[in-house]
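Heads up: the structure comes next, in structure tokens.
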Amino acid sequence: MAFNLAQSTAAAAAASVAPRTPRHAAAPASVVSVRKSGAAPPSSSASLRLQRQACCEPSVAPPRAVACRAASAAAERASRKSAGVPVFVMMPLDTVKKCGTALNRRKAVQASLAALKSAGVEGIMVDVWWGIAESEGPRMYNFDGYMELMEMARKTGLKVQAVMSFHQCGGNVGDSVTIPLPRWAVEEMEKDQDLCYTDQWGRRNFEYVSLGCDAMPVLKGRTPVECYTDFMRAFRDHFADYLGNTIVEIQVGMGPAGELRYPSYPESNGTWRFPGIGAFQCNDRYMLSSLKAAAEAAGKPEWGNGGPTDAGSYNNWPEDTIFFRRENGGWSSEYGAFFLSWYSQMLLDHGDRILTGATSVFSSTASPVEVSVKVAGIHWHYGTRSHAPELTAGYYNTRHHDGYLPIARLLARHGAVLNFTCVEMRDHEQPQEAQCMPEALVRQVGAAARAAGVGLAGENALPRYDATAHDQVVATAADRAAEDRMVAFTYLRMGADLFQPDNWTRFAAFVRRMGGAGSCREAAEREARGVAQATGSLVHEAAVALRS
């Protein structure tokens, strides 16, 4: 998730194949229990990889199955690109009640979906919260509220991007509600707080289970990766008749805010404030054990006692620190290269393990479904040599080292799409003293995706309803050669503000421009005014219902 200093100011200034009929269970069942998957074969280990027990590895999808799914998905992406960039809209974070049994504000959801369809939107994105759907106990799944939404989307003619949200909601930019991890998982984290990401001062972060224990059976006898894979398998089985026709994409959460990163810039309790550099998260005992082993393997055991101690704190700037400073900073030393390689490789290995589970689950579906991974748009201090905030988040991206190509190559091996944020931002809108460069960052990530041969999708990082932001997205995502277009764009977020008359008219024009691959703005605006007039009562109903 990207962030900028002008968040509140911008928000104020902006005020922006027929589906199959699903089969239904013969009798209602609010809770579904799924048998634990069997043991899987061990995978190979690189020198910096965490040593794992073979029994803790997820089952690996056959390479041919992954290749076939990837080829089918690539063909679908190619056909989409020729017709422009499809637009999806994120649903509210609390779309489903915390009990999991039903939708919040059902009337508002129904009116909103109808309005979105009338504007030409391709579909919606919804968080399928681990903390809601498996809250009752291990392997006790309740997808009832999500089933209601999927059926509503199917009847409306909208596609769905389903996010497997294995993180806590609350504590990040834009989090308007709090949805913790499943209670039974939190209990284990409270008993053994080394299951939490930990900084050098001992602060524990409960947003997401530390990747250091990916291979340890620490969650009621299962590893975290097994929990995630079992959850995805249960989702696949429960929504089998929606996959490939209504549900067209599975975005796999891999960290805080659903992004493949460390929780290096937690906003909760004022720990971090933009544009601070954040802090390394490698001081739980599982991470330290891996670091110690890596240092010994490198013949430098003294490097295995913890992360850099001269990297400042959350709200420092690079030049405040010895490690991140421009001249002779520790990041450019032999030790810095060792530590940053280990830290970023641990994140890549984490992504590899979860994607292995995801592809083993979804490659076996009758109809192809995209798998995607979100990467954070950390644009502040991008213009410095060290790129400190990216480093603390786990992206080894500096003036001399490309941190995004390894991520893109990882996704390519699994046939996954790279979803990137901050597509709406312009350099000059950000505080220049913090050397924010979102446009350059998006270009770098786009180049990495092209080099690796993976599809690139985009999101806006902050709510924007103004034409300036829309123009930037169109220019970045759609107004270019077909091979360079994004495969999809997801708009943050559906809410009462989106359905305000002026915002709605601008949004409808934006959707038309995206669908026409950057087509004429004036023509799109004329069409949008017609849409706004035709849907006025429906949009008003949605806005009122969402505010109630």
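We did not get these values from a lab; they are worked out from the coordinates using the rules stated. These numbers come from a predicted model, not from an experiment. Ideal geometry is used to build each Cβ from the backbone, glycine not excepted, and the neighbour counts take in all protein chains shown.
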Worksheet item: What is the spin-label model distance, in nm, from His540 to Arg183 if the labels are put 7 Å beyond Cα along the C-beta direction?
Response: 4.4
Practice prompt. Enumerate the calculated ³J(HN,Hα) couplings along the stretch 506-514 in order (Karplus 6.51 cos²θ - 1.76 cosθ + 1.60, θ = phi - 60°), each rounded to whole Hz, writing x wherever the residue is Gly or Pro.
Written response: 5, 5, 4, 5, 4, 4, 5, 5, 5
Discussion item. Under the rule a/c < 1.5 gives rounded, and otherwise a/b versus b/c splits prolate from oblate, where does the stretch 213-307 land using the Cα gyration tensor?
Written reply: oblate
Discussion item. Using 0.36 nm times the number of residues separating Lys300 and Asn104, minus their current alpha carbon distance, what extension gain do you get?
Written reply: 65.1 nm
Discussion item. Give me a comma-separated list of calculated 3J(HN,Hα) values for the stretch 91-108, in order, Karplus coefficients 6.51, -1.76, 1.60 applied at θ = phi - 60°, integers in Hz, x for any Gly or Pro.
Written reply: 7, x, 4, 9, 4, 9, 4, 4, 6, x, 8, 7, 7, 7, 6, 4, 4, 5
Worksheet entry | the stretch 497-548 versus the stretch 146-214: alpha-carbon centroid distance in Å | 32
Worksheet entry | Under 21 Å from Lys191, Cα to Cα: lysines that are on another chain or at least 8 residues apart | Lys220
Worksheet entry | Inter-centroid distance (Cα atoms) of the stretch 398-461 relative to the stretch 286-326, Å | 25
Worksheet item: Taking 0.36 nm per residue of separation and subtracting the Cα-Cα distance, what length does fully extending Glu151 through Gln432 add?
Response: 96.5 nm
Discussion item. For the stretch 255-334, report the % of Cα-Cα distances exceeding 14 Å.
Written reply: 69
Worksheet, complete the sentence: Karplus ³J(HN,Hα) for the stretch 239-253 (6.51 cos²θ - 1.76 cosθ + 1.60, θ = phi - 60°; Hz, whole; x = Gly/Pro) runs 10, 3, 7, 9, 5, x, 10, 9, 7, 10, 8, 10, 8, 9, x
Worksheet item: Loop-only check: which GluC sites (Glu not before Pro) in the stretch 308-407 are DSSP coil with at most 10 other Cβ within 10 angstrom?
Response: Glu327
Item to complete: Starting from the Cα gyration tensor of the stretch 427-468, take the square roots of the eigenvalues, sort them a ≥ b ≥ c, and report rounded, prolate or oblate (rounded when a/c is under 1.5, otherwise prolate if a/b is larger than b/c, else oblate).
Response: oblate
Worksheet entry | Rounded to whole Å, sorted largest first: equivalent-ellipsoid semi-axes of the stretch 376-500, Cα gyration tensor | 23, 20, 13
Item to complete: With r as the distance between the Cβ atoms of Ala523 and Ala475 and R0 = 25 Å, compute the FRET efficiency 1/(1 + (r/R0)^6) and round to 0.05.
Response: 0.90
Worksheet, complete the sentence: With 0.36 nm assigned to each residue of separation and the Cα-Cα distance removed, Glu327 to Ser313 gains 3.1 nm
Worksheet item: Taking amide H positions as placed 1.01 Å from N in the peptide plane, with prolines and chain starts having none, which residues 5 or more places from Val160, or on another chain, fall under 5 Å of its amide H?
Response: Ile124, Ile247, Val248, Glu249
